[in-house]
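> My questions all concern the structure below.
Bear in mind that the values in this text are calculations on the coordinates, not laboratory data. Predicted, not measured: the structure shown is a model, and the values here were computed from it. Here the Cβ positions follow ideal geometry from the backbone for every residue, glycine too, while neighbour counts run over all protein chains shown.
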Amino acid sequence: MPPKRVHRTDQYIPLESFDLHDKPKAALISLVRNQEIDGIEMSMRQLEARFNHKHNYPWIFFNDVPFDDDFKARTQNLTASECQYVHIPKEHWSLPHWVDQERFAASLEYLGAIGVGKGWMISYRHMCRWNSGFFYKHPILDDYDYYWRVEPDVHFFCDLEYDPFAFMAENGLKYGFNMNILDDARSFPSLWRQTKEFMAEYPDLIHPDADLSWLRDPRNSQEYNNCQFFSNFEIGSLDFFRSSTYNAYFDFVDRKGGFFYERFGDAPLHTLAIALFMAKNETHFFRDIGYQHDINRQCPANLADKCSCEPTNLDDNFYKLVPMESRQRKPDDTCIRLWLGGE
Ligand code: GDP
Ligand code: MN
């Protein structure tokens, strides 16, 4: 039986409607520091209560230093699922030999001075690069097909009465998001130019059903409008990231040093790659998953009895709380509307 297409739905989908014989091979993954234990406890407690206690997907924690015993004990204590703790290999979290250290130091100083968020932090550059090009390379994920990325200090507000991994598998979906943002464009000034170079050099790698229209700005010569999937929440296909196509793009961009000479985020990188190398209908807006990261929140209006948050609407999503300074990161429902394409 071909998979059912229920793309772009915000309707409640009962678990029984799925015809999956095998549970998806999926894991909850989190890059987190030992000192963020309180924050990851909060995220875990909510995701376990809202979803995972019924499914027991394993948790896999990643860290650039070894996890301490307190972190391991407290996280394992919050779930009946297996927890695994990964010390990221050095080669996944260090300066590549082709990066000019002086230019990197100048970028840290410059982005710090002009106030690009976390622009001065060395660790942030490694974090963005790891989330862009390394998380899926770790052999611990070899046996898995899907991941759900979870950060410390996030909220999950709604009881999830279906399995989003099964939903992805059943519908042939490869990437699920929950919020969009415009990040500070000064953190990736040359990413779009590099992406256009890649497109020109490797036209055959672009998916025949790729749709970049929602990412192009008609008021600015169809250049990138900087819309991004807010990647602290993502439910994705590991095969997509493991593909030679995605890795050709990551390597192309990585070689030019933008994670270090600029502050390329994994959010714009993932977004552009997904738009280029996936059909649009392989992506999904999980608008029914109530979620919050910092001040950015998505709370579905039609599931009030299952959620503990005030519904957000697509037009008022925190514009009032965030200064409209266009260069600053802000939640942007315009991007969601563009993605929805007039839905
Ligand atoms: P933001 O959401 O863009 O402000 O970035 P965060 O500071 O929240 O970092 C994103 C994720 O990476 C969070 O899950 C952090 O816990 C994690 N993270 C960031 N830097 C490091 C680091 O140096 N080491 C480890 N282990 N985790 C990090
Ligand atoms: Mn964060």
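> Considering only DSSP beta bridges with both partners in the chain, what is the antiparallel share in %, to the nearest 5?
55 percent
> Can you flag which of Lys137/Lys280; Lys25/Lys54; Lys90/Lys196; Lys23/Lys174 are past 23 Å Cα-Cα?
As for pairs spanning more than 23 Å Cα to Cα, those are Lys137/Lys280; Lys90/Lys196.
> Same structure again: Taking the convex hull of the Cα atoms, report for region 57-114 its projected area averaged over all directions, in nm².
That works out to 6.4 nm², a quarter of the Cα hull's surface.
> Dipole size in debye (nearest 20) for the chain around its Cα centre, Lys and Arg Cβ +1, Asp and Glu Cβ -1?
600 debye
> If eta is 0.890 mPa s and T is 25 °C, what Stokes-Einstein diffusion coefficient results for the chain, Kirkwood Rh from Cα pairs, in µm²/s?
118 µm²/s
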